[in-house]
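To start, the structure under review is shown below, and the notes come after it.
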Amino acid sequence: MILRPSTIAVVLSAFAGHANAQDGAALYAQHCAECHEGGVRAPSRQVLSALSRERIVSALDTGLMRVQGEGLTAAERAALAAYLSAVGTAADTPTIRRCEARPAAVRAGDWTAWGVTLANERFQRAPGLTAAAVPALKLRWAFGFEGESNAAANPTIAGDRVLVGSGSGRVYALGLGDGCVAWTFKADGGVRAAIAVGPSKEGDAEPSAFVVDLRATVYSLDAVTGALKWKRRVDDHRAARISGSPVLYRGRLYIPVSSAEEGVGAQAGYECCTFRGSLVVLDASTGESVWQTFLVKEKAAPQGANARGTARWGPSGAALWSAPTIDPLTKSIYVATGDSYSQPAAPMSDAIVALDLDSGAIKWVHQVTRGDAFNMACGSADGTNCPERAGPDHDFGQSAILLALPNGRRALIAGQKSGVVHAFDPDQQGRTLWERPIGRGGELGGIEWGSSSDGERVYVPLSDITFADPVQRGRGGLDAKVGGGLFALRIADGSTAWTARPSACADRPSCSPALSAPSAVIPGAVFAGSIDGHFRAYAAGDGRVLWDFDTAREFTTVNGVAARGGSIDVGGPAIANGAVVTTSGYGTWGGMRGNVLLVFSVDGR
């Protein structure tokens with residue numbers, strides 16, 4: 001049975017009596033505790049308790065936990081939600097103030113995708129504010145995501161609208177000036193990737209908003225009204241998802257496909273693993289498929305059985321976690337791949353891959369880490385499904401940045417979870433130009449979700465999260481003294497220009513100085529959020545902190561929802577039209593949970 005979001009509240013009500021009779025604690029112990037209490041990178045009970053009952057049922061039915069929820073009845077899902085949630089039932093929609101009808105015009109200089117340009121350098125050349133004015137930034141307004149415990153989506157800015165998704169799958173178009181609601185849309189799964197905004201084809205007067213969700217579904221919406229134009233699921237694997245943002249280029253939509261199978265594979269009874277990462281291209285006007293290229297060429301085949309007799313499959317993995325990078329000069333598109341989930345390890349995992357922009361044919365591959373077969377059984381209480389020759393989990397989780405070097409050559413620069421920043425030559429089959437280690441790396445360490453560059457330096461956030469108590473790995477117990485920083489490297493040779501390691505943890509619980517979220521840059525200033533809850537701007541030339549705002553607190557919101565900020569992770573800021581926009585709150589791996597969107601400007605109005 002599939003419960004659509006509009007029916008979840010009805011189901012909860014209908015099963016209320018029966019759900020109370022169900023032993024929610026026993027269901028949790030049987031189906032959930034192995035991961036949520038067993039050292040696997042899964043949200044702790046405390047994080048789950050901050051979710052509404054509807055949100056938990058939705059996650060088990062159509063969201064991130066849908067594979068785990070397949071064997072549960074509707075009554076059992078309701079019982080689990082009743083047992084776990086400490087916030088009761090949330091309203092279907094928050095209190096809202098509607099925007100006056102107006103066109104959502106897209107202007108030059110808007111932040112309409114994950115990166116400002118096709119090169120993914122996240123450099124806003126015309127931000128509407130100067131570096132000298134950054135210290136005067138003030139909070140303009142805050143918006144609360146009701147029933148959520150994380151706010152980790154990448155916002156985008158199109159004209160006078162902020163577009164942002166949420167873990168529940170609800171997408172919002174908000175007024176940039178005052179947070180009024182222009183429209184909302186409910187996707188089938190959670191939405192955390194940046195929403196791409198632009199014309200479906202050349203000559204279109206009205207822009208479209210392209211949304212991707214954690215059920216591997218793509219939606220085309222009218223950017224002015226939020227009305228659905230078309231919808232398409234791009235991968236039928238039950239664990240498939242889209243975490244990386246879509247890229248719109250010349251009437252085509254380029255979609256990176258990843259999965260949750262690396263986590264599901266931790267279960268000893270799961271036949272791990274069969275997912276193959278791919279790049280899917282759709283006609284932006286119709287949603288029809290143009291081509292799809294898999295980064296694991298052959299389908300998974302049986303590879304024996306684990307110690308409990310469960311079948312093993314492989315090769316698998318090579319997920320695409322980040323937005324692809326387009327190179328019009330050579331008609332190429334570059335993707336960065338993740339690790340393999342099982343053995344044999346795939347030859348295009350942990351790699352930078354160049355594909356033909358028109359056909360999807362693979363031009364070249366530069367694999368950085370060979371033999372990296374890893375899933376979340378590795379290092380957990382039950383390591384049955386961990387590959388016998390486990391790899392280090394050194395994904396590329398961020399987009400490659402395409403840059404022109406001072407010597408006239410070009411470079412693709414990307415950070416890896418190994419803690420190493422790499423520069424590749426896109427015009428010489430991806431050969432290595434330079435490598436620069438900046439951290440120790442690891443499963444949650446190294447370089448995570450995104451770097452930025454102003455064409456002189458690349459600004460790399462470093463995670464290197466450490467747990468003071470290994471038993472609390474992934475569910476609190478963060479070491480407040482170890483981890484992270486922002487590194488500015490010269491693009492010519494990778495040498496270090498400066499390093500900044502600010503921290504505001506002190507005795508703050510669930511705190512770390514790690515920087516995991518993507519950075520963004522304007523002329524003279526770099527913006528980056530931290531696991532310690534602070535959102536900072538640094539001087540691009542020397543790393544001095546120009547501005548510091550503590551988001552880990554409660555906020556009065558324009559929609560009347562109780563909201564607070566926390567650790568900043570996964571989602572980076574968007575900057576345009578004089579505004580700086582970020583989400584705050586991420587407790588999944590042990591940080592501070594939260595549920596707020598924050599908009600800053602110099603005048604605060």
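Sorted by average packing, counted as other Cβ atoms within 10 angstrom per residue and highest first, what order do 543-554, 527-538 take? Mind showing how you got there, number by number?
Details: 543-554: 17.2, 527-538: 27.8.
So the order, starting with the most tightly packed, is 527-538, 543-554.
Using a cut-off of 14 Å between beta-carbons, work out the net charge of the residues near ARG250 (Lys and Arg +1, Asp and Glu -1, ARG250 not included).
Here the count lands on -2.
Taking LYS231 as the anchor, which lysines have their alpha carbon closer than 24 Å to its alpha carbon, excluding any fewer than eight residues away along the same chain?
Of all the lysines, those that pass the test against LYS231 - Cα under 24 Å, at least 8 places apart if same chain - are LYS186, LYS201.
Over segment 218-312, average the accessible area per residue using a 1.4 Å probe and give it in Å², no decimals.
About 38 Å² of surface per residue is accessible.
Determine the dipole magnitude for segment 210-294: charges of +1 sit on the beta-carbon of Lys and Arg, -1 on that of Asp and Glu, nothing else is charged, the reference point is the Cα centre, and the result goes in debye to the nearest 20.
Approximately 220 debye in magnitude.
Can you compute the FRET efficiency between LEU228 and GLN428 using 1/(1 + (r/R0)^6), with r the Cβ-Cβ distance and R0 = 60 Å? Round to the nearest 0.05. If you can, show how the numbers build up before the last one.
Numbers: r = 44 Å, r/R0 = 0.74.
In this case the efficiency is close to 0.85.
So, with a 1.4 angstrom probe, what is the percent of accessible area on segment 381-471 that is carbon and sulfur?
The nonpolar share, carbon plus sulfur, comes to 48 percent.
For segment 299-375 and segment 110-134, what is the separation of their C-alpha centers, rounded to whole Å?
Comparing the Cα centres of segment 299-375 and segment 110-134, I get a distance of 31 Å.
Where a Cα-Cα gap under 20 Å defines reach, which aspartates and glutamates qualify for LYS299, not counting those fewer than 8 residues away within the same chain?
Excluding near neighbours in sequence, the set is ASP235, ASP236, GLU261, GLU262, GLU271, ASP339, ASP350, ASP372.
Rounded to the nearest 20 Debye, what is the dipole magnitude of segment 409-563 about its Cα centre when Lys and Arg each give +1 and Asp and Glu each give -1 at the C-beta?
My answer is approximately 180 debye.
Pairs of alpha-carbon atoms within less than 8 angstrom and 6+ residues apart define the contacts here; what relative contact order does segment 177-267 have, in percent?
On the way: 183 pairs, mean separation 22.0, N = 91.
Normalised by residue count, the contact order of segment 177-267 is 24 percent.
Leaving out ligands, DNA and RNA, what percent of the accessible area of segment 182-336 is carbon and sulfur, probe 1.4 Å? Walk me through the numbers before you get to the answer.
Details: 2440 of 5150 Å².
C and S fraction of accessible area: 47 percent.
Computing the accessible area with a 1.4 Å probe over protein heavy atoms, can you report the carbon and sulfur percentage for segment 517-605?
49 percent
Out of residues 5 or more away from TRP230 or on other chains, whose amide H comes under 5 Å of its own, with H placed 1.01 Å from N in the peptide plane?
When sequence neighbours closer than 5 places are left aside, the close amide H contacts are SER220.
Among 332-341, 411-420, how do they line up from the highest to the lowest mean number of other beta-carbon atoms within 10 Å? Don't skip to the end; give the middle numbers.
Numbers: 332-341: 27.6, 411-420: 25.2.
Ranking the peptides 332-341, 411-420 by packing returns 332-341, 411-420.
Taking only C-alpha pairs under 8 Å that are 6+ residues apart, what is the relative contact order of segment 246-373 in percent? It would help to have the intermediate numbers written out before the result.
Values: 339 pairs, mean separation 26.3, N = 128.
The value is 21 percent.
Treating only the Cβ atoms of Lys and Arg (+1) and Asp and Glu (-1) as charged, compute the dipole magnitude of segment 320-433 about its Cα centre; round to the nearest 20 debye.
Value, rounded to 20: 360 debye.
Take peptides 478-485, 448-455 and line them up by average Cβ neighbours within 10 Å, highest first, as a rough protection proxy. Walk me through the intermediate numbers first.
Details: 478-485: 21.6, 448-455: 25.2.
In decreasing order of mean packing, 478-485, 448-455 become 448-455, 478-485.
How far is it, in nm, from the label point at THR556 to the one at ALA26 when both lie 7 Å from their Cα along the line to the Cβ?
5.0 nm
Hey, can you find the accessible area per residue of segment 339-459 for me, probe 1.4 Å, expressed in square angstrom?
Heavy-atom accessible area per residue stands at 33 Å².
The values are calculated or read from the model by the stated rules, or taken from the named source; none is laboratory data. Nothing here was measured: the structure is a model prediction, and the numbers come from that model. FYI the Cβ positions are ideal-geometry reconstructions off the backbone, even for glycines, and counts take in every protein chain you see. The accessibility values were calculated without ligands, DNA or RNA, using every heavy atom of the protein model including side chains. Shrake-Rupley method; radii C 1.70, N 1.55, O 1.52, S 1.80 Å.
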